[in-house]
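*Asks:* This structure is in structure tokens; I'll ask about it shortly.
The values are calculated or read from the model by the stated rules, or taken from the named source; none is laboratory data. Given the structure is predicted, the values throughout are model-derived calculations rather than measurements. Because the Cβ atoms are built from the backbone with ideal geometry, glycine has one as well, and the counts that use them run over all protein chains shown. When the accessible area is computed, the model is the full protein with side chains, heavy atoms only, and any ligands, DNA or RNA have been set aside. Shrake-Rupley method; radii C 1.70, N 1.55, O 1.52, S 1.80 Å.
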Amino acid sequence: MKVIAILSTAATFAIAAVACGGTSSSEQPVGGERGACYPNGTCNAGLTCLSNSCVVVPGDDGGSADGGSTDGTMDSATHTDGGDASTCTGTDVVCANICVASNPAHCGSSCTKCTPPTNATATCTSGSCGYTCNILRCLSECVDPGNDPLNCGGCGVACGGGVSCVGGFCQPISVAVSPFPAELRVDSTHLYWIQQGGVNGQPGIYRVALLGGSPVQLLATAGASFLAKDSVNLHWTDSAAGTVNKMPLAGGTVTPLALGLNNPGPIAIDATYAYFVITNLNQVSKVPLAGGSVAPVVTLTQFLQGIVVDATNVYVPHYDGSTMVTIEKVPIGGGAATQIGSGPGYTGGIAIDANNVYFTLQQAGPVMRSPIAGGATVQVAAGNGAGITSDGTSIYWADNQSGKVKNAPIAGGTTTTLAAGQVLPTSVAVDATYVYWGNRDGTTGGIFKSVK
């Protein structure tokens, strides 16, 4: 009896095995179950060395009994693994009549091995399994926003349509090949743009279905400069020919609206008129969409860099040629200009919604907002812009210096990058689901889209 009293726990297992018809550890292969441990204190896979005997401990991974578990969590520095039930203290638990630490390898009185979900690390707290998210928790799931197409770059940012998420960005979808696209416009079925460098060697006005495909040339022309559209027609200025023109959205007969103009430039339309800049005169003029005489709206002193219109006014960026641009508001029937905004540098784009005019400053960089009714001009977001538009909730612009397409709330706030790694992104358009833009690199250029 005195001999039995000083036997180790592992030896007791061995004696029990012999009594039941098994063999002692001395008769088992070294490193095998019930066999002696290897000289370095380890055993074969799935076994743990306790008191120089290899045994199975539920939930363990084969770490040695002296505190060196192979997963770094098995053994406790506050107790000796391998003791019988009477040696357990504190949070230690008894697994297969062996005292071990309660941790994710063998948690609580049930000795459960905690299994975490993807992108998480198992925990064991007060005898219950849990987990912590390694990167980001979105509702009840642990996600990696760098590659999760349902949470790309943040919770709830879904790429959709089978689009992959890489580096936290939904990968842009190619809509059409076009080396030098400009003046992008969108409706419920198609995208329209001016191709200035030629698709298959042919500059002109093009369109493509929103789902993508081969661009269709609506008109072969090298002079088209600026583009506008309504629900029926496309309208454009031809700076080389000195004309303002229109044609059906699907192509067809071209109808000149104005002839003999001195370098017509940016154009905007309402239900009745086309408003356009005569660049060499620093003048805004208008012509009826149904045809008729050209009438001046306002003449200013310096460069007019764009135009937008609402039901009562036209708005133009007025660049002084050196350091400053002002946003001028002029009644559509003509009259005096009223300054409603300003900023350093020159504009890369202008957009409008029901309450504000937005414009980009290419030299200084910020995206600015000026209230139509008057008030302070404020910065909405930082970043260079070569094209800008609004959907009434957010503004969207192409930052051609950083190669990114971005958006921000119209009231200001966090700027979100929608696409990165683009080459000279410029003109931007939006619909209910996507933001569209053109890359103008001449080689891999084209029209792309990404989920808003």
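*Asks:* Could you tell me the accessible area of Arg137 in Å² (1.4 Å probe, neighbours in place), rounded to the nearest ten?
*Replies:* 120 Å²
*Asks:* Then there is this: If amide H atoms are built 1.01 Å from N in the plane of the peptide, which residues on other chains or at least 5 residues away come under 5 Å of the amide H of Leu418?
*Replies:* Long-range HN contacts for Leu418: Val405, Lys406, Asn407.
*Asks:* Which percent of the accessible heavy-atom area of the chain goes to carbon and sulfur, probe 1.4 angstrom?
*Replies:* Working: 10820 of 19800 Å².
Here carbon and sulfur together make up 55 percent of the probe-accessible area.
*Asks:* Give me the one-decimal nm value for the distance between modelled label points at Thr115 and Thr89, 7 Å along each residue's Cα-to-Cβ direction.
*Replies:* Distance between the two pseudo-spin positions: 3.6 nm.
*Asks:* Right, something else. Send over a whole-number figure in Å² for the accessible area per residue of the chain, probe 1.4 Å. Can you show the working numbers first?
*Replies:* Details: 19800 Å² over 452 residues.
In whole numbers, the chain has 44 Å² accessible per residue.
*Asks:* What whole-number value in cubic angstrom gives the convex hull volume per residue for the C-alpha atoms of the range 128-191? Show your work: numbers first, answer last.
*Replies:* Numbers: hull volume 7.7 nm³, N = 64.
Enclosed volume per residue, from the Cα hull, is 121 Å³.
*Asks:* Follow-up question, since we're still on this one. Sorted by accessible area (1.4 Å probe), largest first, how do Met247, Met368 line up?
*Replies:* Largest to smallest exposure gives the sequence Met368, Met247.
*Asks:* Could you compute how fast the range 317-442 diffuses translationally, taking Rh as the Kirkwood radius over C-alpha pairs and applying Stokes-Einstein at 37 °C with viscosity 0.692 mPa s? Give it in µm² per second.
*Replies:* Details: Rh = 14.6 Å.
Result for D is 224 µm²/s.
*Asks:* In addition: Amide H of Ile352: which non-local residues (sequence gap of 5 or more, or other chain) have their own amide H closer than 5 Å, using H built in the peptide plane?
*Replies:* Under 5 Å from the amide H of Ile352 lie the amide H atoms of Tyr358, Ser390, each far enough along the sequence or on another chain.
*Asks:* To continue, here is another question. Enter the per residue convex hull volume of the chain, computed from alpha-carbon coordinates, in Å³ rounded to the nearest integer. Before the final figure, lay out each step's value.
*Replies:* Details: hull volume 93.0 nm³, N = 452.
For the chain, the hull spanned by Cα atoms encloses 206 Å³ per residue.
*Asks:* Cross-link partners among lysines for Lys406, C-alpha distance below 21 Å, same-chain residues fewer than 8 apart left out?
*Replies:* Qualifying lysines at Cα under 21 Å: Lys449, Lys452.
*Asks:* One quarter of the convex hull surface, Cα atoms only: what value does that give for the range 259-320 in nm²? Intermediate results must be reported in sequence, preceding the final value.
*Replies:* On the way: hull surface 15.6 nm².
Averaged projected hull area, Cα only: 3.9 nm².
*Asks:* Amide H to amide H, which residues 5 or more places from Thr112 or on other chains are under 5 Å from it, using H placed in the peptide plane?
*Replies:* Cys107
*Asks:* By how many nm would the segment from Gln379 to Thr272 lengthen if fully extended, with 0.36 nm per residue of separation less the alpha-carbon distance? Intermediate results must be reported in sequence, preceding the final value.
*Replies:* Numbers: separation 107, 0.36 × 107 = 38.52 nm, distance 3.33 nm.
Stretched out fully, the Gln379 to Thr272 stretch lengthens by 35.2 nm.
*Asks:* Can you run phi through the Karplus equation (6.51, -1.76, 1.60; θ = phi - 60°) for the range 211-221 and list ³J(HN,Hα) in whole Hz, with x for Gly and Pro?
*Replies:* These are the phi-based 3J(HN,Hα) values: 6, x, x, 7, x, 10, 7, 7, 7, 8, 7 Hz.
*Asks:* Sticking with this one: Taking the Cα atoms of the range 177-265, report the difference between the largest and smallest coordinate on each principal axis, in whole Å and largest first.
*Replies:* Dimensions of the range 177-265 along the principal axes of its Cα atoms: 39, 28, 19 Å.
*Asks:* Which FRET efficiency value, to the nearest 0.05, do you get for Asn280 and Arg137 by plugging their Cβ-Cβ distance into 1/(1 + (r/R0)^6) with R0 = 56 Å?
*Replies:* On the way: r = 60 Å, r/R0 = 1.07.
Calculated transfer efficiency: 0.40.
*Asks:* Let me ask something additional. Using only the alpha-carbon atoms, how far is helix 9-19 inclined from the longest principal axis of the chain? Give it as 0 to 90 degrees, nearest 10.
*Replies:* That works out to roughly 60 degrees.
*Asks:* For the pair Thr301 and Gln401, how long in nm is the line joining their label points, each one 7 Å along Cα→Cβ?
*Replies:* Between Thr301 and Gln401, the simple spin-label model gives 2.8 nm.
*Asks:* Could you tell me how far the Cα centroid of the range 223-285 sits from the Cα centroid of the range 114-169, in Å?
*Replies:* One Cα centre to the other: 51 Å.
*Asks:* Order these peptides, 321-329, 292-300, by their mean beta-carbon neighbour count within 10 angstrom, highest first. Walk me through the intermediate numbers first.
*Replies:* Working: 321-329: 18.0, 292-300: 15.2.
Listed from highest to lowest mean packing, they are 321-329, 292-300.
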